[in-house]
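Report on one structure; see the data block that follows.
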Amino acid sequence: MINRKYNGFLDVEILNLKFPNPLILAAGILGLTAPLLKRVVYSGAGGVVTKSIGLKSREGYPNPTIVDLGYGLVNSMGLPNPGLKMFIEELEELKGLKVPLILSIYAFSEEELMTMGKIISKLKAVSAVELNVSCPHVGGISEIGKSPELVKSYVKTLKDNLSNKPIIVKLTPNVSDITSIAMAAVNGGADALTAINTVKSMVIDIETGKPLLAGVFGGLSGPAIKPIALRCVYEITETLDVPVFGCGGVETARDVIEFIMAGAVAVQIGSAIARRGLRVFREISIELKRFLELKGFKSLEEVRGLAHRR
Ligand code: DHB
């Protein structure tokens, strides 16, 4: 059970979904089984996003798949997942979840997305879908998120085949103009956006002289990318009136406030869990509430977008 006593006025309503606090588990972290997702909720998350699921199962890349640089993680898992049909068994166990469950999905073609949309429409446990068009190192996915035409077309295909569930599109920062991609997603029918997915990167093993990750390239997350993520949220919300989930390097209440001031409606937390454990949700909630009280804000809505004032 979420301990409401900690949260109080941290509640946010986004896409007609009630989040008891704005701290949401980001895709890819602990999101592959029902017991783990439940544990995240018990730890105080205001919502959860699953690991990205495709139509068919994928094994992912061989080890090593993750490197901790201290200031961030570079990971190259290769989208390992059991495939949608198998994952439905986990979702069945999550029907009574007390917070919104967002299903992260990816597809290699619009046909796959069409099929997935129809299946997901029937899944009661799923509150919303987050479309991952932005994994930086899996061929066939990373290209989608860099093209406004493809983004619009993929989102429209999902919209046409998904009934009664909002669509969130997770954007890549690996583009020269994220706002034009954001606009394409909204034009295709996106109800909200997540900014940002990981930054394309690599690590070299100087002993062997070879790339360290088996997948060669990976996605950088954690504190190193927070200023990039903030800039992206700010740029998007400067132009578009669409709910944006801030994602990238959130570790403290101060980070959350920065994202909300940049225009985000809520944040997603990933790498901080690897660094500090699941207690981050409760700890940040308490810190956040203290900040609002101290500054005399009555809700997060009063803080949202303050950085845009001229
Ligand atoms: C993976 C997928 C992502 O979207 C990302 O940002 C990083 C890694 C993966 O499964 O490899």
task = Within segment 110-136, track down each residue that is over 28 Å from GLU93 (Cβ atoms) and open to solvent by 30 Å² or more (accessible area, probe 1.4 Å).
result = GLU110, GLU111
message = Among the residues of segment 51-69, what is the count of those that are open to solvent by 20 Å² or more (accessible area, probe 1.4 Å) and within 14 Å of the ligand (Cβ to nearest atom)?
response = 11
request  = Would you please name the residue that is surrounded by the most Cβ atoms within 10 Å (Cβ to Cβ), looking only at residues in segment 233-254 that are under 14 Å from LEU300 (Cα atoms) and over 16 Å from the mean Cα position of the chain (by Cα)?
outcome  = ALA253
request  = Answer with yes or no whether ALA229 is modelled with pLDDT of 95 or more, touching a Cys at 6+ places or on another chain (Cβ under 7 Å) and crowded, with 19+ Cβ neighbours inside 10 Å.
outcome  = yes
message = Quick check on my filter: what residues within segment 192-215 are over 14 Å from the mean Cα position of the chain (by Cα), open to solvent by less than 50 Å² (accessible area, probe 1.4 Å) and more than 13 Å from the ligand (Cβ to nearest atom)?
response = VAL203, ASP205
inquiry  = Just to be sure before I move on: is LYS122 in contact with a Leu (Cβ under 9 Å, 6 or more places away or on another chain), of a type outside the set (Phe, Trp, Tyr) and at pLDDT 95 or above in the structure I sent?
reply    = no
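When only residues in segment 70-96 that are assigned to a loop (DSSP other than H, G, I, E, B) and within 16 Å of the ligand (Cβ to nearest atom) count, which is nearest to the chain's Cα centre (by Cα)?
Residue satisfying both the conditions and the ranking: LEU79.
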remark   = Listed by first then second residue, the pairs whose first member lies in segment 117-132 and is closer than 11 Å to LEU103 by Cβ, whose partner is among the basic types (Lys, Arg) and open to solvent by 20 Å² or more (accessible area, probe 1.4 Å), with beta carbons under 8 Å and at least 6 positions apart or on separate chains, are ILE119/LYS85; ILE120/LYS165; ALA125/LYS95; VAL126/LYS165; SER127/LYS165; ALA128/LYS165; VAL129/LYS165
task = Check GLU143 against each of (1) within 16 Å of the ligand (Cβ to nearest atom); (2) without any contact (Cβ under 8 Å) to a residue 24 or more places away in the chain; (3) more than 19 Å from the chain's Cα centre (by Cα) and name the one condition it does not meet.
result = (3)
ask   = Of all residues in segment 150-177, how many are under 26 Å from SER201 (Cβ atoms) and open to solvent by 30 Å² or more (accessible area, probe 1.4 Å)?
value = 5
Check on VAL99, part of a loop (DSSP other than H, G, I, E, B), farther than 24 Å from LEU220 by Cβ and not acidic (Asp, Glu) = yes
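Right, ARG39: within 16 Å of the ligand (Cβ to nearest atom) and open to solvent by 60 Å² or more (accessible area, probe 1.4 Å) or not? Show your work before the answer.
Working: within 16 Å of the ligand (Cβ to nearest atom): no; open to solvent by 60 Å² or more (accessible area, probe 1.4 Å): yes.
Criteria not met by ARG39.
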task = Please list, ordered by first then second residue, the pairs with beta carbon atoms under 6 Å, 6 or more apart or interchain, first in segment 216-230 and near the ligand (Cβ under 10 Å from one of its atoms), second open to solvent by less than 10 Å² (accessible area, probe 1.4 Å) and of a type in the set (Val, Ile, Thr).
result = GLY218/VAL74; LEU220/VAL74
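The values are calculated or read from the model by the stated rules, or taken from the named source; none is laboratory data. Values in this document were obtained by computation on a predicted structure and should not be read as measured data. Virtual Cβ from ideal backbone geometry, glycine too; neighbours counted across all protein chains shown. Protein only, heavy atoms only, side chains kept; ligands, DNA and RNA dropped before computing areas. Shrake-Rupley method; radii C 1.70, N 1.55, O 1.52, S 1.80 Å.
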